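Q: Structure below; questions to follow.
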Amino acid sequence: MALIDIQVPDIGDFDEVTVIELLVKTGDTVKAEQSLITVESDKASMEIPSSHAGVVKEIKVKLDDKVKQGSVVLTLEAAGADVAATPAEAAMPAAAPAPAVQQVAAAEASPVAAASGPVEVHVPDIGDFKDVSVIEILVKPGDSIKAEQSLITVESDKASMEIPSSAAGVLKELKVKLGDIVNIGDLLAILEGTAAPVAAAAAPVAAAQPVAAAAATAPVAVAFAVAVASVAAPAPAAMPAHAPTVAPSSSLPHASPSVRKFARELGVPLAEVKGTGYKGRITPDDVQAFTKAVMTGAIRTEAQVAKAPAPAASGGGVGLDLLPWPKVDFSKFGPVERQPLSRIKKISGANLHRNWVMIPHVFNHDDADITELEAFRVQMNKENEKSGVKLTMLAFLIKASVAALKKFPQFNASLDGDQLVLKQYCHVAFAADTPNGLVVPVIRDADKKGVLQISQEMGELAKKARDGKLSPADMQGACFTISSLGGIGGRYFTPIINAPEVAILGVCKSQIEPVWDGKAFQPRLILPLSLSWDHRVIDGAAAARFNAYLGQILADFRRVLL
Ligand code: CAO
């Protein structure tokens, strides 16, 4: 093991850059090429990689330090073989002279550049970098552009940089879009030139002028960004030979290239992320926290807000315009334990939430007299005790619902845009409570099955549900759902419609109640029914008729035959 100093390699034209992020800490094991710190100038940020693999012994820089080529970043305890193979000095070669010409973007040398007509702006020399992607567009057609104003941001895997305009004028046309891959000389934009290109750009820099010389006369902020990422490569030429102007304030959020990449992979709009890092820089944790907040609905991205209808409070529409979800540290009030939601709960929760928010639910409550039906069920179960199949009240309810669905076809339907899809089949689902959450298996073609067969299939499906063995096919295609809490208790409740169905029947515990028969109160077994229905499809009168009909069938099942 040998201790070696990892130094800042050639960073092009830059004298000094600021350390804005420490990406490793003492004791960390780093790989060769792993980024150690992020440095930043006014127009670019880049990560400084390690030239060796090893363990970080001591970090020699801190946030806000100014560093330049040769500054020691940290001391590394490197493996012997690594040291021998790539001595520190060799791994980060000093700046080689610029490999070739200090190139000027094609248009800058072109005669049109000085005219007041259209001016082409090309990607200037971006050093050794090829195929960098456009990650931000900073201007739009119609904008008045100053010379040197940044037009786009491009990014390689370790550096991001802004590409400035070589001329002033009004932006007529942008020739690149987000995600495009660009290289030196590519046409970026067309300006309606109102002024000559900046002086330095107008005069092409002499061929074979070394970077150092160019830097002395025309340092460009982005130059260093491309210089360091490639350890083995010779130092690249500087960026465009524009004379330096006061850098326009960048609208770019402060984040290192790796954080930008991370955000892009997740689709996070960095401009909306609040940075908690040093001087407001966006850290990977900030991106993660933002993603979590959007996913939990605590915040909405600007794009989501733009898509949503105007908030009701502003009188413009019906957007929910909700407050963020309260963030409470419950442990302040007493001990707590956190449990992750089960997969089923997460999936069903998201579906229930959508259905609750998107469907205008209305609820009808009614009672069915099931005195005779229950007596029949109990009698049948006694007679068929040995068959192994128990007739359940829920199976009768499914059969009764089928009859009601046939009589009121708009209940056996789904909305598809502005069309109602009326189904000619009749699959009925039932909610089943399982240790992992609620699932909704389906009895297919319930209209073609007897109550006994429905009972048997329900038993099998309920067991599969409890064992977590339901297949997606077991839970698809339902026309109508029944949620029975009858075995548990309660009077009425308001179940959430299982979209894209248009109604759901909730059933609670039956009990003996005194019912007036015109002469006296009679003890009758009364089953409470709760029907939730989608008011976009069903009217209140139809819902009341559906419930009443259901009640009649349950009171006298012979009606099913009619
Ligand atoms: N009133 C009174 N008692 C009832 C009843 C009712 N409406 N329905 C069932 N029961 C009684 C039965 O008679 C049976 O009693 P015994 O054990 O004494 O015979 C007991 O409750 C269990 O009934 P069951 O075996 O017929 O089961 P079930 O059909 O009621 O329920 C299933 C099956 C899978 C639906 C149930 O296990 C379940 O998961 N229910 C919860 C559904 C749920 O969570 N819904 C809420 C979703 S939110 O929309």
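Q: So, in the stretch 12-57, of the ones that are within 16 Å of V72 (Cα to Cα) and basic (K, R), which residue ends up surrounded by the fewest Cβ atoms within 10 Å (Cβ to Cβ)?
A: It comes out as K25.
Q: Tell me, which residue of the stretch 437-452 that is surrounded by fewer than 15 Cβ atoms within 10 Å (Cβ to Cβ) and either part of a loop (DSSP other than H, G, I, E, B) or within 16 Å of the ligand (Cβ to nearest atom) (or both) is nearest to the chain's Cα centre (by Cα)?
A: Here the residue is D445.
Q: Let me ask something else. Answer yes or no as to whether D539 is over 17 Å from D367 (Cβ atoms) and in contact with an Asp or Glu (Cβ under 9 Å, 6 or more places away or on another chain).
A: The answer is no for D539.
Q: Still on this model: Being touching a Pro at 6+ places or on another chain (Cβ under 8 Å) and either closer than 18 Å to L415 by Cβ or of a type outside the set (D, E) (or both), is that true of even one residue in the stretch 541-560?
A: Of the residues in the stretch 541-560, the ones touching a Pro at 6+ places or on another chain (Cβ under 8 Å) are none.
Checked against the condition, which is being touching a Pro at 6+ places or on another chain (Cβ under 8 Å) and either closer than 18 Å to L415 by Cβ or of a type outside the set (D, E) (or both), the stretch 541-560 yields no hits at all.
Q: Among the candidates L525, L529, L550, single out the residue that is assigned to a strand (DSSP E or B), more than 23 Å from V389 (Cβ to Cβ), within 16 Å of the ligand (Cβ to nearest atom) and over 39 Å from the mean Cα position of the chain (by Cα).
A: Being assigned to a strand (DSSP E or B), more than 23 Å from V389 (Cβ to Cβ), within 16 Å of the ligand (Cβ to nearest atom) and over 39 Å from the mean Cα position of the chain (by Cα) holds for just one of L525, L529, L550, which is L529.
Q: Considering (1) within 15 Å of the ligand (Cβ to nearest atom); (2) exposed (fewer than 15 other Cβ atoms within 10 Å of the Cβ), say which one A429 fails and leave the rest.
A: (2) is the only condition that A429 fails.
Q: Pairs needed: first member in the stretch 449-468, closer than 11 Å to A432 by Cβ and free of Cβ contacts under 8 Å to residues at least 24 places away in the same chain; second member anywhere, within 11 Å of the ligand (Cβ to nearest atom) and part of a helix (DSSP H, G or I); C-beta distance under 7 Å; at least 6 residues apart or different chains.
A: none
Q: Just to be sure, is P409 surrounded by fewer than 19 Cβ atoms within 10 Å (Cβ to Cβ), away from the ligand (no atom under 12 Å from the Cβ) and under 28 Å from D369 (Cβ atoms)?
A: Considered against the rule, which asks whether it is surrounded by fewer than 19 Cβ atoms within 10 Å (Cβ to Cβ), away from the ligand (no atom under 12 Å from the Cβ) and under 28 Å from D369 (Cβ atoms), P409 comes out as yes.
Q: Let me confirm something: among L188, L171, which residue is within 36 Å of the chain's Cα centre (by Cα), closer than 27 Å to S133 by Cβ, modelled with pLDDT of 50 or more and surrounded by fewer than 22 Cβ atoms within 10 Å (Cβ to Cβ)?
A: Result: L171 is the single residue among L188, L171 that is within 36 Å of the chain's Cα centre (by Cα), closer than 27 Å to S133 by Cβ, modelled with pLDDT of 50 or more and surrounded by fewer than 22 Cβ atoms within 10 Å (Cβ to Cβ).
Q: Of all the residues that make up the stretch 510-522, how many are farther than 12 Å from E374 by Cβ and either in a loop (DSSP other than H, G, I, E, B) or polar (S, T, N, Q) (or both)?
A: 5
Q: Sticking with this one: Anything in the stretch 500-522 that is buried (at least 17 other Cβ atoms within 10 Å of the Cβ) and either more than 10 Å from the ligand (Cβ to nearest atom) or under 30 Å from M358 (Cα atoms) (or both)? List them, or say none. Spell out the reasoning first.
A: First, pick out the residues of the stretch 500-522 that are buried (at least 17 other Cβ atoms within 10 Å of the Cβ): 501-508, 510.
Selection gives E501, V502, A503, I504, L505, G506, V507, C508.
Q: Could you tell me whether any residue of the stretch 461-470 is more than 13 Å from the ligand (Cβ to nearest atom), in contact with a Ser or Thr (Cβ under 9 Å, 6 or more places away or on another chain) and not basic (K, R)?
A: yes
Q: Could you please find all residues in the stretch 482-494 being near the ligand (Cβ under 7 Å from one of its atoms) and either surrounded by fewer than 16 Cβ atoms within 10 Å (Cβ to Cβ) or within 29 Å of the chain's Cα centre (by Cα) (or both)?
A: G487, I488
The values are calculated or read from the model by the stated rules, or taken from the named source; none is laboratory data. Note that the structure is predicted; figures quoted are calculated from it, not measured. Backbone-built Cβ (ideal geometry, glycine too); neighbour counts: all protein chains shown.
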